Amino acid sequence: MASSRKAASRAELEPYEVFQQAKEGDPMRHGGNVLAPDRELAVHYARELFGRRNESSRLWVVRRADIAVLEDPDLLDPPLDRSFKKPGGYVMRDKLAAARARAGTEKPAARATGHDRTGGRRPKATS
Amino acid sequence: MTTVVASTSAADDLDRRTRGALAELLFTMADDEFVSGFTDSEWTGIAPLLEEDVAISSISQDELGHARALYQLLADVLADGRDEDALAYDREPDEYRHARLLDHPRGDWADTIARRFFYELADEARLASIGAGYRPLAELVEKVRREERYHRMHVLAWLDRLARGGQEARRRLEASLLAQGVDAPTVFTPLEGEAELLASGILTRSMATAEAAWRADLTTALVPLGLALPPSVEPSANGRRDHSEAFDWLWSEFTMVRRSEDGVTW
């Protein structure tokens, strides 16, 4: 969606990343991005591009420049054998089931209760 | 489609004069939203930037949606066999009752923001004047106001940016406010049936009182930006008649499909 009609105005626009929550309790997912001259219009455009068809119950609009990015391959994908850090070959399921049976507990629900359902901070209620 | 003959309608509880006055009010509200929506849809594809293109197009769709709901109420009140499409599309240009403010063509972006600024605030002042006298209208207005809140946020954001966005933007905005300010109060053109609407509680205040509330809202928005208020003009009975050539053109556009074949649907 990031494009602008005039080269002259392009310099004044900044990308904002938009995260959307389809319904209360769902995780926030990256929806896409908008170009806007400031935070207020970024929220307006996010509303129109990701919320005008009732497809979102909450949007997070973040200036891309404010996002801390980590993409250093030395940190994320070093060229050494790290297979011993992966849990492959160690089957937990049966052990967990046996432990639950001993303790008499149920398998927890996929959505933890007590979570604030926004995936993070809950914005202040608006009228 | 609205069937009029067999259904019992809330409008049947109104006396003849009040029913006529309600129809007059609904024509003004529906035509305002309809013409405003079509004028703004002229930005689709050519708005200043792509995101704004989606925003203004979506807002104009909202206005057409409000118009449709109002025409449906009107069809019930008139009960003359016309449905919402017939009311929207099958009238001659001089039968439309939108305010002269909305006769102004799309123009440049500053023209659109100036017109929308005057209209959105006027519409809110009018919607705030609708009482519980006719329940279907009161219920619709409650929903419409929730959507219009965003329209005001959008136009006020743009008024602010054009006013403080450098010489060129400010010069154009001031010229547009000046050119359209004269016609802005026509949204509050007195209604012939205003006394009946007030007596039945369909309106809770007169158009003149609503206009005073609107002027207070204009002052709040314009004064901090150092922009001039529109002049006070004597309300004219013709504020919703004698439409412009620009409207004749718009009418020929929005009735084109409807006129192409009798009874055409899509």
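Observations
- In this structure, A:Leu70 does not qualify as within 14 Å of another protein chain (Cβ to nearest Cβ) and under 21 Å from the mean Cα position of the chain (by Cα).
- Picking from residues in the stretch A:19-56 that are assigned to a loop (DSSP other than H, G, I, E, B) and of a type in the set (D, E, K, R), the one that is farthest from the other protein chains (Cβ to nearest Cβ) is A:Asp26.
- Summed over the stretch B:31-54, the residues that are touching a residue at least 12 places away in the same chain (Cβ under 8 Å), within 14 Å of chain A (Cβ to nearest Cβ) and either among the charged types (D, E, K, R) or surrounded by 24 or more Cβ atoms within 10 Å (Cβ to Cβ) (or both) give a count of 1.
- Only residues that are small (Gly, Ala, Ser) and either part of a helix (DSSP H, G or I) or closer than 19 Å to B:Glu174 by Cα (or both) were counted across the stretch B:91-107, and they come to 1.
- Flag for B:Ala122 being over 13 Å from the mean Cα position of the chain (by Cα) and either modelled with pLDDT of 95 or more or within 14 Å of chain A (Cβ to nearest Cβ) (or both): no
Quick grid of which residues meet (1) modelled with pLDDT of 95 or more; (2) within 20 Å of the chain's Cα centre (by Cα):
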site: B:Ala10; (1), (2): no, no
site: B:Glu42; (1), (2): yes, yes
site: B:Leu49; (1), (2): no, no
site: B:His66; (1), (2): yes, yes
site: B:Gln72; (1), (2): yes, yes
site: B:Asp80; (1), (2): yes, no
site: B:Gly107; (1), (2): yes, yes
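- Of the candidates B:Ala110, B:Ala88, the single residue that is under 22 Å from A:Glu48 (Cα atoms) and either away from chain A (no Cβ under 14 Å) or not in a helix (DSSP H, G or I) (or both) is B:Ala110.
- Number of positions in the stretch A:15-64 that are surrounded by fewer than 18 Cβ atoms within 10 Å (Cβ to Cβ), among the acidic types (Asp, Glu) and either in contact with a Pro (Cβ under 8 Å, 6 or more places away or on another chain) or under 18 Å from B:Ser58 (Cα atoms) (or both): 2
- Inclusion of B:Arg164 among residues that are modelled with pLDDT of 95 or more and within 14 Å of another protein chain (Cβ to nearest Cβ) is warranted.
- For the stretch B:226-266, taking the residues that are more than 21 Å from the chain's Cα centre (by Cα) and surrounded by 14 or more Cβ atoms within 10 Å (Cβ to Cβ), the one that is modelled with the lowest pLDDT is identified as B:Arg258.
- Residue check, B:Ala138 touching a residue at least 12 places away in the same chain (Cβ under 8 Å) and more than 15 Å from B:Ile59 (Cα to Cα): no
- Residues satisfying the criterion are present in the stretch B:240-253 (criterion: in contact (Cβ under 8 Å) with a residue 24 or more places away in the chain and under 30 Å from B:Ala10 (Cα atoms)).
- Qualifying residue in the stretch A:109-118 (condition: surrounded by 10 or more Cβ atoms within 10 Å (Cβ to Cβ), in contact with a strand residue (DSSP E or B) (Cβ under 9 Å, 6 or more places away or on another chain) and modelled with pLDDT under 85): yes
- Filtered by the rule that a residue be crowded, with 19+ Cβ neighbours inside 10 Å and farther than 16 Å from B:Phe118 by Cα, the stretch B:173-197 gives B:Leu191, B:Gly193, B:Glu196, B:Leu197.
The values are calculated or read from the model by the stated rules, or taken from the named source; none is laboratory data. As the structure is a computational prediction, the values presented were derived from the model and not from experiment. When we count neighbours, we look across all protein chains shown, and the Cβ atoms used for this are built from the backbone with ideal geometry, even at glycine.
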